[in-house]
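Beneath this line is the structure, given in C-alpha cells, with notes to follow.
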Amino acid sequence: MTGRSPLRSIRRDVADRPFIVIWEATQACPLACLHCRAEAVPDRHPGELTTDEAGELMRQVAAFGRPAPLFVITGGDPGPYIRPDFCRWGRATYVIGR
Ligand code: SF4
C-alpha cells in the first residue's frame with residue numbers, strides 16, 4: 001500500500017456546483033419490467049420538458065462554468081432517443097460543453 005486512499009475523491013466543491021446532473025428526459029417505454037424504478041409508461045408524459053425547456057436546462061447547467069458538471073440524459077427505452085428532438089440535444093450539449 002502506498003498510503004493513498006483506494007477511493008477517488010471529488011476535486012471540486014459540491015456546495016458550489018453539482019458534480020453530476022441527471023435528466024430523465026422521458027418516462028416513455030414500451031416495456032414493463034418489474035424492476036423498473038422509472039415508473040415507465042407507454043407514451044410520453046405531457047409534462048416532459050419541451051425542446052426549448054430542455055435547451056434552457058442545458059444552458060443553466062453550462063452556466064456553472066468549469067469544471068462543468070457531468071450531464072447525463074437518460075430515461076425511456078430505447079433510451080431518450082424515443083424523443084424526436086434527441087439529436088438536437090446532442091449537438092447542443094457538445095456546443096455548450098466546449
Ligand atoms: S425504462 Fe428500462 S427498466 Fe423501465 S420498463 Fe423500460 S426498459 Fe424496463
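The values are calculated or read from the model by the stated rules, or taken from the named source; none is laboratory data. Only a predicted model underlies this, so the values are computations on that prediction, with no experimental measurement involved. Cβ sites come from the backbone with ideal geometry, for glycine too, and all protein chains shown count toward neighbours.
Values as computed for the structure displayed
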| item | result |
| --- | --- |
| Count - residues of region 19-31 that are away from the ligand (no atom under 15 Å from the Cβ) and surrounded by fewer than 14 Cβ atoms within 10 Å (Cβ to Cβ) | 2 |
| Any hit, region 67-87, residues being crowded, with 16+ Cβ neighbours inside 10 Å and at pLDDT 90 or above | no |
| Odd one out for Val61 among (1) within 11 Å of the ligand (Cβ to nearest atom); (2) surrounded by 15 or more Cβ atoms within 10 Å (Cβ to Cβ) | (1) |
| Region 32-44: number of residues that are loosely packed, with under 10 Cβ neighbours inside 10 Å and either near the ligand (Cβ under 7 Å from one of its atoms) or not hydrophobic (A, V, I, L, M, F, W, C) (or both) | 4 |
| Matching residues, region 74-95, being in contact with a strand residue (DSSP E or B) (Cβ under 7 Å, 6 or more places away or on another chain) and within 19 Å of Leu31 (Cα to Cα) | Thr74, Gly75, Gly76, Pro80, Ile82, Arg83 |
| Any hit, region 29-50, residues being under 16 Å from the mean Cα position of the chain (by Cα), farther than 29 Å from Pro84 by Cβ and free of Cβ contacts under 8 Å to residues at least 60 places away in the same chain | no |
| Asp16 being over 15 Å from the mean Cα position of the chain (by Cα) and not in a loop (DSSP other than H, G, I, E, B) | no |
| Region 41-98, residues that are under 19 Å from Arg17 (Cβ atoms) and either assigned to a loop (DSSP other than H, G, I, E, B) or of a type in the set (Ser, Thr, Tyr) (or both) | Ala63, Phe64, Gly65, Arg66, Pro67, Ala68, Pro69, Thr93, Arg98 |
